[in-house]
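Student: Here it is, the structure, as structure tokens.
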Amino acid sequence: MDPWRRFRTQVVGQHPFRFRIVITALVIASSLFALCLACLFYPAARARYLFNQVESLQLGRSTYEDAEALAQKIGATSYPPYGPCSRSDCEWSLRIDNAELPRWWRGAGESFGVAFDVKDSKVVRKTFGYGVGILNDGFFPSSVGLTELEHWPRQHRPVLVEAGWYSTDLYPYWDFRVSMIPGASAQDRRRYSAYDYGCMWKYRGCKDGRELLPVAASMPPSRP
């Protein structure tokens, strides 16, 4: 007699009710464990997904229809909320966080946001923001962000890419900002958008922008 048949005869056959209870308990425990893992990793997976979706828009090439379809796909809302969008001017934005995780695990928590603008029927701006803290806390102790504009104002026109910290005495690593134009290289794009999405699920999260965007750690904070 093979081992499995012997097991069924000796154990299952003698205690069928107890066996069913054990199997049911194992199924429930496995389901709860899988649910906990899904809740833990979902915000990070969602943030990565949002970045990839918005990054697919091309400044000066993607149309109002492209942006509108993407907004509907990811659930972004138009701004300002009191007026309808038009092909001449519209902005969509979306922000998520890991507030559903218990505070004892997530710490201050993390938020991730995207936004994109259309003017004269073409996408002209993309923005990404990643910060320590959630909406209920009302303030980011530290954040990183990337903005790509087709045409920057004359007083702030990056050659290709500009990056650096905005600091205060209280928060020396407060706000790391990246500005770029469509001509920036693929290498710079990857470098300045290599976010550590693990901050959204790991125990106690990340303490400031140096962990949210590791490349920022190599740059000293600016003087206030």
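The values are calculated or read from the model by the stated rules, or taken from the named source; none is laboratory data. Fair warning: this is a prediction, and the values are worked out from it, not measured in the lab. Glycine also receives a Cβ, built like all others from the backbone with ideal geometry; neighbour counts cover every protein chain displayed.
Student: Has the stretch 84-96 got any residue that is closer than 18 Å to Met200 by Cβ, aliphatic (A, V, I, L, M), in contact with a helix residue (DSSP H, G or I) (Cβ under 6 Å, 6 or more places away or on another chain) and assigned to a helix (DSSP H, G or I)?
Tutor: No, every residue in the stretch 84-96 fails to be closer than 18 Å to Met200 by Cβ, aliphatic (A, V, I, L, M), in contact with a helix residue (DSSP H, G or I) (Cβ under 6 Å, 6 or more places away or on another chain) and assigned to a helix (DSSP H, G or I).
Student: Which residue, of Gly198, Gly209, Gly164, is within 22 Å of Leu50 (Cβ to Cβ), surrounded by 15 or more Cβ atoms within 10 Å (Cβ to Cβ) and modelled with pLDDT of 90 or more?
Tutor: That would be Gly209, the only listed residue that is within 22 Å of Leu50 (Cβ to Cβ), surrounded by 15 or more Cβ atoms within 10 Å (Cβ to Cβ) and modelled with pLDDT of 90 or more.
Student: Let me ask you something else. Of all residues in the stretch 175-198, how many are under 16 Å from Val132 (Cα atoms) and either over 20 Å from the mean Cα position of the chain (by Cα) or of a type in the set (Phe, Trp, Tyr) (or both)?
Tutor: 3
Student: Sticking with this one: Within the stretch 94-126, can you find the residues that are hydroxyl-bearing (Ser, Thr, Tyr) and either buried (at least 18 other Cβ atoms within 10 Å of the Cβ) or without any contact (Cβ under 8 Å) to a residue 24 or more places away in the chain (or both)?
Tutor: First pass over the stretch 94-126, keeping only residues hydroxyl-bearing (Ser, Thr, Tyr): 111, 121.
Hit for the stretch 94-126 is Ser111, nothing else.
Student: Any residue at all in the stretch 58-80 that's exposed (fewer than 10 other Cβ atoms within 10 Å of the Cβ), modelled with pLDDT of 60 or more, of a type outside the set (D, E, K, R) and not in a helix (DSSP H, G or I)?
Tutor: Within the stretch 58-80, one or more residues are exposed (fewer than 10 other Cβ atoms within 10 Å of the Cβ), modelled with pLDDT of 60 or more, of a type outside the set (D, E, K, R) and not in a helix (DSSP H, G or I).
Student: Quickly run through the stretch 98-129 and pick out the residues that are part of a loop (DSSP other than H, G, I, E, B), on the phi < 0 side of the Ramachandran plot and not hydrophobic (A, V, I, L, M, F, W, C).
Tutor: The first filter runs over the stretch 98-129 and keeps only residues part of a loop (DSSP other than H, G, I, E, B), leaving 98-102, 107-109, 120-121.
Right, trim to on the phi < 0 side of the Ramachandran plot and you get 98-102, 108.
Those that are part of a loop (DSSP other than H, G, I, E, B), on the phi < 0 side of the Ramachandran plot and not hydrophobic (A, V, I, L, M, F, W, C): Asn98, Glu100, Pro102.
Student: Looking at Ser88, Ser93, Ser121, can you tell me which residue is of a type in the set (S, T, N, Q), out of contact with any His (no Cβ under 7 Å at 6 or more places or on another chain) and more than 20 Å from Glu148 (Cβ to Cβ)? Write out each step before concluding.
Tutor: Details: Ser93 fails: more than 20 Å from Glu148 (Cβ to Cβ); Ser121 fails: more than 20 Å from Glu148 (Cβ to Cβ).
Testing whether each residue is of a type in the set (S, T, N, Q), out of contact with any His (no Cβ under 7 Å at 6 or more places or on another chain) and more than 20 Å from Glu148 (Cβ to Cβ) leaves just Ser88.
Student: Arg177: touching a Gly at 6+ places or on another chain (Cβ under 7 Å) and either exposed (fewer than 12 other Cβ atoms within 10 Å of the Cβ) or modelled with pLDDT of 95 or more (or both), yes or no? Before the answer, list the steps.
Tutor: Numbers: touching a Gly at 6+ places or on another chain (Cβ under 7 Å): yes; either exposed (fewer than 12 other Cβ atoms within 10 Å of the Cβ) or modelled with pLDDT of 95 or more (or both): no.
Judged against the criteria, Arg177 is not a match.
Student: Just to be sure, is Tyr171 at pLDDT 95 or above and surrounded by 13 or more Cβ atoms within 10 Å (Cβ to Cβ)?
Tutor: Values: at pLDDT 95 or above: no; surrounded by 13 or more Cβ atoms within 10 Å (Cβ to Cβ): yes.
Judged against the criteria, Tyr171 is not a match.
Student: What is the number of the single condition among (1) surrounded by fewer than 20 Cβ atoms within 10 Å (Cβ to Cβ); (2) farther than 17 Å from Pro43 by Cα that Arg204 does not meet?
Tutor: Among (1) surrounded by fewer than 20 Cβ atoms within 10 Å (Cβ to Cβ); (2) farther than 17 Å from Pro43 by Cα, the lone unmet condition for Arg204 is (2).
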